[in-house]
Amino acid sequence: MLKATAIGIQSSGNPDTNGNGYGIEVRDSGYQPIYEGGQVMDAIIASGVQPGEDTGRDFTGRGTTWTYGELLQDMCDMYAWGQVDSGSYRGGWRYSWNSGSDNSAAQWAAIGMIPAQESPWNCVVPDWVKTENNIWLNYSDSNYGFGYTYSGYGYGTTPSGMVQLNMDGYVGYDDPSTIDDERDTRWINAERFIADRWSTFLGNQQYGWYSFTKAMRTASPNAVERVTTTSGTSFDWYNGSGSYTGLAQQIVDVQNSNGSWYNNYTSTGPLGSAWNIIILKPALFKAAPIACFDANPNPSYPNIPIMFDPACSDHSETGKDIGDLVLFEWDWDADGVYDESTTTPSEANHAFACSSLPCTYPVTLRVTDDEGLTATATRDIEVSNPPHPPVADAGGPYMVSTCAGDSLTLDGSGAFDPNEGIHETGCADCPDDTITAWDWDIDGAPFDYTSASGETAIISDTTGLTPGVVNIGLRVTDNTASAFPGSGQSDLTDEDFSSMTVYEGCICDLAARAKLDKIQLTWLHTGAASYDVYRSETGPNGPFELIAEDHVTTYATYLDTGLTTGTTYYYRVVTSDGCGSNAAFATPSVRVRTTR
């Protein structure tokens, strides 16, 4: 529970920034308010409530309730009032207010107050609180990291000290190219302490993982994505890179079968699990963007362009999607500096040299949303000698109806074999490597790839399809076993997935009539409140573009204008209540014709 406590002047200054005479603490049977207050503050901030919203709570009986903004400010004031203000432990926090300092406890003050100072909360943390805290950090610093109640270092206490450095404004971290003398020496030493002992840190304690993540992501002015060892090796602490396992992967690896996590401070209780879930979120206090990309082909040859597609990126906030991402940045050489960027989810191409095969190149994508929140994804690109697996491309997304006479054409022509046209050196009888089979599944997972076969497969009867959205899978297979017999590998495969929307057929007479630079659509169905009109230049099953949303028509018609003579356009129409049409197509030309 939260409880108001009367607070007074500290020797270093007045902690009561709003003048109401109170601070608010977390009060429970264990009474460890320093450990719990920061986590409650973070939870409030991450919940999505706004500072001006009413809590519905009157903490003192004064007759009025607190807003969430007032509550957060009074929790900051409580930490300011409870800071140790005398003795060798001056400037920190411990088990109860004004009782001593240890870095395990003191981190929670920083974890709560750092986001509370940010917009829209804008809570006031007096400068003297940070000045005093810096005295404690100097006392507990050992030039390797931070100790518990003394000068020392440890896997839990060192990142706790780093979080406090962030609160006090001493990091000055900008990007991996920032030279060390522009950053606080204590941060540099602490970062190197953890980076030098990374595998031990991952196997040590999840308590330290949580404070380390907070330290990296609350660093100012930018979050820290890579850490550097004493020898100068830089690696992605979250996603992992090279021989360094990322913290995210470690958390997944140690998850219990029931979905919880063991924690050597909290056993298997919900707190340890909550910490690990928070670590796995790309952003600490808001719904975050999601970085995702495909790379094809992978593995590949040296100096052969690889296509990187970020189209699978997304956003975790309800109502947001990839359209709310405003920046896509690529780090090709794993140095933490982003080498190429676009403002849209455009495909990028990059080739990798390799003087001594094989080579592995970690590539990182960073996406930024319209609020400045970021997320990263990293995957290894393998550069090696053949044989390489083929690359599947399921095409789509597809659209079809259950109208009699409608059909579904599955297009796998985008699949390719990076070893196309070559075979094992010195093998005169070996055939050239190529894709030999395209197998389709239109029933959704689990995929058995028995629905159809062929590079372009046609399902002529769609009347038995179940309306709705279903996943489509394509598996391609090559002839590696015969093209490269010395490799000892069997024929290689690859899979790709797309989606198909099946509409119950209710407009099964859609027709398209071409004119010079326009096409007239007509149908007999009437009575729908409105119609959505879709157009494709690829084929009767898409991909389609929505060109008219909620089109209202009395005479069941639509005129599509501004078209290119000689180009064939395909159309489908969907009613406002969710049933659809057959495909119709036409080609604007000087001599017009009608096609159904």
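Against the definition (closer than 27 Å to MET216 by Cα and either open to solvent by 20 Å² or more (accessible area, probe 1.4 Å) or charged (D, E, K, R) (or both)), how does GLU70 come out, yes or no?
Numbers: closer than 27 Å to MET216 by Cα: no; either open to solvent by 20 Å² or more (accessible area, probe 1.4 Å) or charged (D, E, K, R) (or both): yes.
The answer is no for GLU70.
Just checking: which of the strands (runs of 3 or more DSSP E) contained wholly in segment 510-565 hold 2 or more residues that are within 27 Å of ALA394 (Cβ to Cβ)?
On the way: elements: 511-514, 519-522, 531-536, 545-551, 557-560.
In segment 510-565, 531-536, 545-551 are the strands (runs of 3 or more DSSP E) which contain 2 or more residues that are within 27 Å of ALA394 (Cβ to Cβ).
For segment 141-153, check the following and say yes or no: at least one residue is open to solvent by less than 20 Å² (accessible area, probe 1.4 Å), part of a helix (DSSP H, G or I) and of a type in the set (A, V, I, L, M, F, W, C).
There is no residue in segment 141-153 that is open to solvent by less than 20 Å² (accessible area, probe 1.4 Å), part of a helix (DSSP H, G or I) and of a type in the set (A, V, I, L, M, F, W, C).
Provide a single number: the residues in segment 505-541 that are closer than 20 Å to GLY464 by Cα and open to solvent by 10 Å² or more (accessible area, probe 1.4 Å).
Counting residues in segment 505-541 that are closer than 20 Å to GLY464 by Cα and open to solvent by 10 Å² or more (accessible area, probe 1.4 Å) gives 5.
Which condition number in (1) open to solvent by 50 Å² or more (accessible area, probe 1.4 Å); (2) at pLDDT 90 or above is the one that ARG27 fails?
Failed condition: (2).
Would you say VAL363 is open to solvent by less than 50 Å² (accessible area, probe 1.4 Å), touching a Leu at 6+ places or on another chain (Cβ under 8 Å) and of a type in the set (A, V, I, L, M, F, W, C)?
Details: open to solvent by less than 50 Å² (accessible area, probe 1.4 Å): yes; touching a Leu at 6+ places or on another chain (Cβ under 8 Å): no; of a type in the set (A, V, I, L, M, F, W, C): yes.
No: the conditions fail for VAL363.
Under 7 Å between Cβ atoms, at least 6 apart or on separate chains: pull out the pairs that start in segment 233-244 with a residue that is under 16 Å from TYR338 (Cα atoms) and end on any residue that is open to solvent by 60 Å² or more (accessible area, probe 1.4 Å) and not in a loop (DSSP other than H, G, I, E, B).
Listed pairs, sorted by first residue: PHE235/TYR244.
Could you tell me which of the residues ASP127, ASP85, ASP54 is under 23 Å from SER11 (Cβ atoms) and under 37 Å from the mean Cα position of the chain (by Cα)?
Working: ASP85 fails: under 37 Å from the mean Cα position of the chain (by Cα); ASP54 fails: under 23 Å from SER11 (Cβ atoms).
Exactly one of ASP127, ASP85, ASP54 is under 23 Å from SER11 (Cβ atoms) and under 37 Å from the mean Cα position of the chain (by Cα), namely ASP127.
Only one residue in ALA288, ALA223 is modelled with pLDDT under 85, of a type in the set (A, V, I, L, M), open to solvent by 40 Å² or more (accessible area, probe 1.4 Å) and within 22 Å of the chain's Cα centre (by Cα), so which one is that?
None of the other options fit; the residue is ALA223.
Can you confirm whether SER341 is outside any loop (DSSP other than H, G, I, E, B) and either closer than 28 Å to SER234 by Cα or open to solvent by 50 Å² or more (accessible area, probe 1.4 Å) (or both)?
Values: outside any loop (DSSP other than H, G, I, E, B): yes; either closer than 28 Å to SER234 by Cα or open to solvent by 50 Å² or more (accessible area, probe 1.4 Å) (or both): yes.
Answer is yes for this residue.
When only residues in segment 380-393 that are surrounded by fewer than 19 Cβ atoms within 10 Å (Cβ to Cβ) and in a strand (DSSP E or B) count, which is modelled with the lowest pLDDT?
The residue in question is ASP380.
Does TYR570 satisfy the criteria of being of a type in the set (Phe, Trp, Tyr), open to solvent by 10 Å² or more (accessible area, probe 1.4 Å) and closer than 18 Å to CYS403 by Cβ?
Values: of a type in the set (Phe, Trp, Tyr): yes; open to solvent by 10 Å² or more (accessible area, probe 1.4 Å): yes; closer than 18 Å to CYS403 by Cβ: yes.
Against the criterion (of a type in the set (Phe, Trp, Tyr), open to solvent by 10 Å² or more (accessible area, probe 1.4 Å) and closer than 18 Å to CYS403 by Cβ), TYR570 qualifies.
Please go through segment 288-320 and give me each residue that is free of Cβ contacts under 8 Å to residues at least 60 places away in the same chain, over 30 Å from ASN419 (Cβ atoms) and small (Gly, Ala, Ser), ordered by number.
Within segment 288-320, SER316, GLY319 meet the criteria.
Quick test for you: out of THR565, THR553, pick the one residue that is closer than 12 Å to ALA529 by Cα, modelled with pLDDT under 95 and surrounded by fewer than 19 Cβ atoms within 10 Å (Cβ to Cβ). Outline the logic, then answer.
Numbers: THR565 fails: closer than 12 Å to ALA529 by Cα.
Just one listed residue meets the conditions, THR553.
Suppose we filter LEU271, LEU327 for residues that are of a type outside the set (Asp, Glu), surrounded by fewer than 19 Cβ atoms within 10 Å (Cβ to Cβ) and in a strand (DSSP E or B); which single one remains? Reasoning before the result, please.
Details: LEU271 fails: in a strand (DSSP E or B).
Exactly one residue qualifies, and that residue is LEU327.
Tell me the helices (runs of 4 or more DSSP H) entirely within segment 1-116 that contain at least 2 residues that are touching a strand residue (DSSP E or B) at 6+ places or on another chain (Cβ under 7 Å) and in contact (Cβ under 8 Å) with a residue 60 or more places away in the chain.
Working: elements: 33-46, 68-82, 103-116.
Ranges flagged: 33-46, 68-82.
Restricting to segment 321-341, count the residues that are without any contact (Cβ under 8 Å) to a residue 24 or more places away in the chain and under 18 Å from TYR361 (Cα atoms).
As a first pass, look at segment 321-341 and keep what is without any contact (Cβ under 8 Å) to a residue 24 or more places away in the chain: 321-323, 339-341.
Cutting the leftovers down to under 18 Å from TYR361 (Cα atoms) gives us 339-340.
Residues meeting the conditions: 2.
I want to confirm something. Restricting to segment 237-252 and keeping residues that are open to solvent by less than 10 Å² (accessible area, probe 1.4 Å) and in a loop (DSSP other than H, G, I, E, B), which single residue is farthest from ARG226 (Cα to Cα)?
Among those residues, the one meeting the criterion is GLY246.
Given the structure, is VAL502 closer than 22 Å to CYS579 by Cβ, among the β-branched types (Val, Ile, Thr), over 26 Å from the mean Cα position of the chain (by Cα) and open to solvent by less than 70 Å² (accessible area, probe 1.4 Å)? Explain how you work it out, then say what you get.
Numbers: closer than 22 Å to CYS579 by Cβ: yes; among the β-branched types (Val, Ile, Thr): yes; over 26 Å from the mean Cα position of the chain (by Cα): yes; open to solvent by less than 70 Å² (accessible area, probe 1.4 Å): yes.
When the stated conditions are applied, VAL502 passes them.
The values are calculated or read from the model by the stated rules, or taken from the named source; none is laboratory data. Given the structure is predicted, the values throughout are model-derived calculations rather than measurements. Using ideal geometry, Cβ is built from the backbone for each residue, glycine included, and neighbour counts are taken over all protein chains shown. Areas reflect the complete protein model, heavy atoms only, side chains present, ligands, DNA and RNA absent. Shrake-Rupley method; radii C 1.70, N 1.55, O 1.52, S 1.80 Å.
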